[in-house]
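What follows is a set of notes on a single structure, which appears directly below.
The values are calculated or read from the model by the stated rules, or taken from the named source; none is laboratory data. Source: prediction; values computed, not measured. Areas reflect the complete protein model, heavy atoms only, side chains present, ligands, DNA and RNA absent. Shrake-Rupley method; radii C 1.70, N 1.55, O 1.52, S 1.80 Å.
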Amino acid sequence: MLTRKQHELLMFIDKHLRETGFSPSFEEMKEALNLRSKSGIHRLITALEDRGFLRRRAHRARALEVMRLPEAMTPKVKETAPKPEAPNFAPNVIRGNFANNLPASAARVAAEAAAVHLPLYGRIAAGLPIEALRDNGASVEVPLALLGNGEHYALEVAGDSMEEAGIMDGDTVIICRTDTAENGTIVVALVDENEVTLKRLRRRGNSIALEPANARHETRIFGPDRVRVQGKLVGLLRRY
């Protein structure tokens, strides 16, 4: 038995999926149910998951899947006689296996054009460290060709301390989640468990240096127990 709000949310998500092909954002769900905050949507989605009506696809934003509908609301298909075709009607059918008929170069371009939605975890300082703000309702579309194996997420850069590495204020960086990185890698580093920054990682004996790519900013040096790697840079998006 679903509550009225659970039922309303489930039907809204199902309708949105059928009409658009992707699930609605948390903001759209909040407005559709006339709720004051997104936390109420989180609780409703969790309850629907527990009851087997919804499923969330891991590591993807706006990726809800309706597993089943309440039996009373499952539409019954009416059997109707096929409509006769208009006389002398001869439809032109274009077969859909375009990829097999494309030249190799065009097929490669089509494959690279595929994109996925990655969760956008807010702004990360490329100057002074700030706490990354995670918003489960935000996402960014990223070409599949930029991604390799593993879990990925996106961060918006704030500041100019990495500009000599080609990373500007307002850029969106694509991060592969990992807790290890080679010396010299640009990483997302968690400092003292509450500050997050984007810097180049250098190991110096028993110390860890977080280096900027801008002469106007200073390198910060920490003990090994004060810095944890949260991911490494694998791509960058920029809008002009």
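The ellipsoid equivalent to the alpha-carbon distribution of the stretch 127-240 has semi-axes of 22, 16, 14 angstrom, derived from the gyration tensor eigenvalues as √(5λ) and listed largest first. For Lys232, give me every one of the aspartates and glutamates with a C-alpha distance below 13 angstrom, ignoring sequence neighbours fewer than eight places off in its own chain. Straight-line reach from Lys232, under 13 Å: Glu151, Asp179, Glu182. Cross-link partners of Lys30 among aspartates and glutamates, defined as those whose alpha carbon lies under 14 angstrom from its own and excluding same-chain residues fewer than eight positions apart: Glu8. Near the amide H of Val196, under 5 Å away, which other amide H atoms are found, from residues 5 or more places off or on another chain, if H is placed in the peptide plane? Answer set, sorted by chain and number: Ile130, Glu131, Ala132, Val191.
Residues whose amide H comes within less than 5 Å of that of Met162, counting only those at least five positions distant or on another chain, are Ala213 (H built at 1.01 Å from N in the peptide plane). A simple rule links phi to the HN-Hα coupling: the Karplus curve 6.51 cos²θ - 1.76 cosθ + 1.60 with θ = phi - 60°, which for the stretch 140-149 gives 9, 7, 10, x, 4, 5, 7, 9, x, 6 Hz, with x for Gly and Pro. Entry comment: accessible area of the stretch 141-240 is 54 Å² per residue, from protein heavy atoms only and a probe of 1.4 Å.
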